[in-house]
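Participant: Provided herewith is a single structure, encoded as structure tokens, for subsequent inquiry.
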Amino acid sequence: MTQDTLLKSSRLSVPTHPWGVSFTNGEASGNDWLDLEGMSRLGGMLAGHSFVKLVIDRQEKTIHFLNHEAYAFHADYITEVILGRPREEMERDLDAFNATLYFEPDRRFLLGILSLHHRLGERLLALETIEVDTMDIGLIRELFDTARARLEPSLKLFFKPSNHLQEDLFHADDIDGVPVIWNHDLFEMSSFFALNYGATKGRLRVFESIDKYRAALPELGWSDIIVMPRVPDDIPRVAGFINTEPTTPLSHTNVLAHGWHVPNAVQRGAIKLIDERGLRDCWVLYRIDRTSLEVELRKLDDSEIPHGPSWAIQTVQIGTPDVERTPIKDLTELRMEDSDKFGTKAANLGEIHHILRHQSNRLLGFYRIQRPPRENLLTHLARFLAVPNDEQLEDVAWKFMQRFINIPRGIAIPFSFQKEFLASSPPIQQQIGRLKMALELNAPVIDPLCIALQKMIREQRIPAKIRDYIDAQVVRNLSGSSSFVVRSSSNAEDLDNFSAAGLYQSVSQVTTAEYLFKSIKEVWASLVTPRSVRIQHAAGIPLDHSYMAVIVQEEIKGDLGGVLVTTNPLEPVSDFRNVFINASLTSVARVVDGTEQPFQFLYNTVEGGGRTLAVGAGGGEVVTAKKEILQKLAFAGRLLQSHFANDYTFSSPLDIEWAIVGDTLFILQLRPYAQ
């Protein structure tokens, strides 16, 4: 039974009102409660769940359930309906008004959100506060008890902690009469989870196991919608994904889905659903949007079947790389404009070094922009940085970055070294020529040619003069480090309409000179894997224009590591406050390749505060001290987003890989996050 059916089957107990409905606190009788029908008519949809907002007026002893179409924000309803004041009056001093709603211990109003969920066929309601709310146990109990009295008695109600403060309260105390349900409980029991919104037409390809997927991999292409337990990193460019097991929105596959603008979702039982509808191997319209309760699949008529990929009309612009002989450089010497010689990853790390040494006049850009109804967000940043006035804010923000951000030492080996290495072998040059011809003719031998070319690169010895020079630069710049990470840094990534997340190779735990040179060749070879070549070619990126630089960086073995994106990928348009963080106590690599379910957090970069969306499958706990570092990381990410923004809205999000050692944070790499 779908959620829509459940809502429609519930009896109606309250009339629809342009503003909402309100009840006097006390013992409910007759129809003086809200049931699912009333909730459906008053509320909205968010992340696949219906919800309704509520306000408790402690002074007048009333509870109000808001009509979401008329009042999307609690503050608007309180101002106009309860206080009878013009909305403009409240907006003139919105921050002070919000402080009376969320922070005062003896406040007049208690604000909450009710959302509908399902567990093993049973309906339940989760009650939560606004994420920045500082309610104590007494106010939480009052909110819960008042709401419970005005909800249909057959509905099970739980309180869901909505920030780390409340999580700590409920972990520390067993609160009698207030049953708790955690974000991660709801995440784990949810049968549907939208990862990337969109619509596509394609042929459903169902694989019950990774082995069946591997067997079919050579024939997969633009027309396929892949359905399997967890879509792997080596997916070619296809029409869409459906995972039947949970994964993180920050996995490489979902970053690809963002960059390719294709729908992606978790749908438990999707294979059974597809087989029941007879859709296996059929052409369908696959759609995910903000109102979806499950994946939408509609079989296409023959006349609707596309004859080519919709993205074929997109043009990917790639600049001409500079492959003239360039010296190896320490990362501290690079700037963003060096990406034509060293690739975007290396250039971005160099740019962060420059910010930390020389400041930036762009750090406050995100906070200076009007975010209606606020003129700007500078007062919130000032509060976080404990700055008495905005005049000092730019300098204090820079000093915060200097104190807080560290970058592992490293060197960058430019494109010219790859070019010189490839030119040193006539057989490799001949193989590249054969591959270029095969791509022009779309010949069926592309994959074997790529595999053979990779083998030749791995087996070709790096010329002695290049080896000696690289070795000398490692000794000179990285002495004292015994273990390295060898990272890819290409010009064929992080481009408009082209994401290369997970496409190229990086090698960790490099401890010997011989393994270092082997790893460098492995990174060079990753530019010409069958998957890399096909995806680049399909995007219109010529093989002649694709080059690979290499970063050799000291390896940071952190207590906690992961990925931050400076947006909420689940609500990228409407949510300007929150950033999304994935964290692992075991392996950052497992976060991004999707093989381990990480801790998932949302952190507010306006009012501050965070909340846990999911706990890591690897076990353990992220302690409070580490969560406080993650809050600082969230604000630092916003400041970096401002500096790296390519327009003056300062809204283009970043993808930042990070690690924490003790109380020290390291940024390992930074790239644009595809939207």
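The values are calculated or read from the model by the stated rules, or taken from the named source; none is laboratory data. Owing to the predicted nature of the structure, the values given are computational and were not obtained by experimental measurement. Cβ placement follows ideal geometry from the backbone for every residue including glycine, while neighbour counts extend to all protein chains displayed.
Participant: Applying the selection to the stretch 219-245, what residues are farther than 24 Å from L670 by Cα, in contact (Cβ under 8 Å) with a residue 40 or more places away in the chain and touching an Asp or Glu at 6+ places or on another chain (Cβ under 7 Å)?
Facilitator: Answer for the stretch 219-245, where residues must be farther than 24 Å from L670 by Cα, in contact (Cβ under 8 Å) with a residue 40 or more places away in the chain and touching an Asp or Glu at 6+ places or on another chain (Cβ under 7 Å): R230, A239.
Participant: Among the helices (runs of 4 or more DSSP H) lying completely within the stretch 174-260, list those that include at least 2 residues that are modelled with pLDDT of 85 or more.
Facilitator: Here the list reads 210-216, 252-260.
Participant: G610 is checked against (1) at pLDDT below 95; (2) surrounded by fewer than 20 Cβ atoms within 10 Å (Cβ to Cβ) and fails just one. What number does that condition carry?
Facilitator: If we test G610 against (1) at pLDDT below 95; (2) surrounded by fewer than 20 Cβ atoms within 10 Å (Cβ to Cβ), just (2) comes out false.
Participant: Hey, any hits in the stretch 604-617 for a residue that's among the hydrophobic types (A, V, I, L, M, F, W, C), out of contact with any helix residue (DSSP H, G or I) (no Cβ under 8 Å at 6 or more places or on another chain), closer than 30 Å to I181 by Cβ and not in a strand (DSSP E or B)?
Facilitator: yes
Participant: It is to be established whether one or more residues within the stretch 387-404 are closer than 17 Å to Q553 by Cβ and of a type outside the set (G, A, S).
Facilitator: No, every residue in the stretch 387-404 fails to be closer than 17 Å to Q553 by Cβ and of a type outside the set (G, A, S).
Participant: Quick check on the stretch 457-471: of everything there that is surrounded by 13 or more Cβ atoms within 10 Å (Cβ to Cβ) and within 37 Å of the chain's Cα centre (by Cα), which residue is farthest from Q430 (Cα to Cα)?
Facilitator: Restricting to residues being surrounded by 13 or more Cβ atoms within 10 Å (Cβ to Cβ) and within 37 Å of the chain's Cα centre (by Cα), the top hit is I470.
Participant: Given the residues K272, K299, K341, which is the only one that is among the basic types (K, R) and under 30 Å from F415 (Cα atoms)?
Facilitator: After ruling out the rest, the residue left standing is K341.
Participant: Which residue pairs have Cβ atoms under 8 Å apart, sit 6 or more places apart or on different chains, and have a first residue in the stretch 123-148 that is over 21 Å from G608 (Cα atoms) and a second that is polar (S, T, N, Q) and at pLDDT 95 or above?
Facilitator: Cβ pairs passing all conditions: L143/T129.
Participant: Does R107 satisfy the condition of being over 32 Å from the mean Cα position of the chain (by Cα), at pLDDT 95 or above and either outside the structural domain of G608 (by TED's automatic domain parsing) or on the phi > 0 side of the Ramachandran plot (or both)?
Facilitator: yes
Participant: Look at L169 and say whether it is in a helix (DSSP H, G or I), in contact (Cβ under 8 Å) with a residue 40 or more places away in the chain and among the aliphatic types (A, V, I, L, M).
Facilitator: no
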